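One structure is given below, encoded as C-alpha cells.
Read-outs throughout are calculated quantities, based only on the coordinates presented, and are distinct from any laboratory measurement. Just so it is clear, the structure is predicted and the values come from calculations on it, not from any experiment. Here Cβ is always computed from backbone atoms with ideal geometry, including for glycine, and neighbour counts include all displayed protein chains.
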Amino acid sequence: MSTRRPAPVPPGPPVGPVRLLDWRDRAHFARPERCVLCQKTTPLRSHNDEPVHKTCAETWNAEQPGETRFLSDPPKSGGKGNDHT
C-alpha cells in the first residue's frame, strides 16, 4: 500500500491589490536562506533582516492589509523618483 501526500494547493489570488516593493538597495541581499513564507531558498532580506522573496512579501502585504511587516525602500532624493527614464 502506497501512502501519497496530497498535491500542494497553489495559493489563491491576493485579497487586495499587490503593491510592489522597491528592494534595489544591496542591503536586501545576503547569503541564501529559506524564505520565512514559502520555505524556498532566497538571497533577499526584508528591512528586519528576514529571508523572504520579494514576491512573497508583496503577496503577504496584499493579504494582510494594515500590517507593516514588509516595507519598501524610501525614494532616493535628488531625482525625479523614477530611475527608469
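Computed quantities for the displayed model
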item	result
Least to most buried among Thr41, Thr3, Thr59, Thr68 (fewest other Cβ within 10 Å first)	Thr3, Thr68, Thr41, Thr59
Charge sum, other residues only, whose C-beta stays under 14 Å from Cys38's C-beta, Lys/Arg counted +1 and Asp/Glu -1	-1
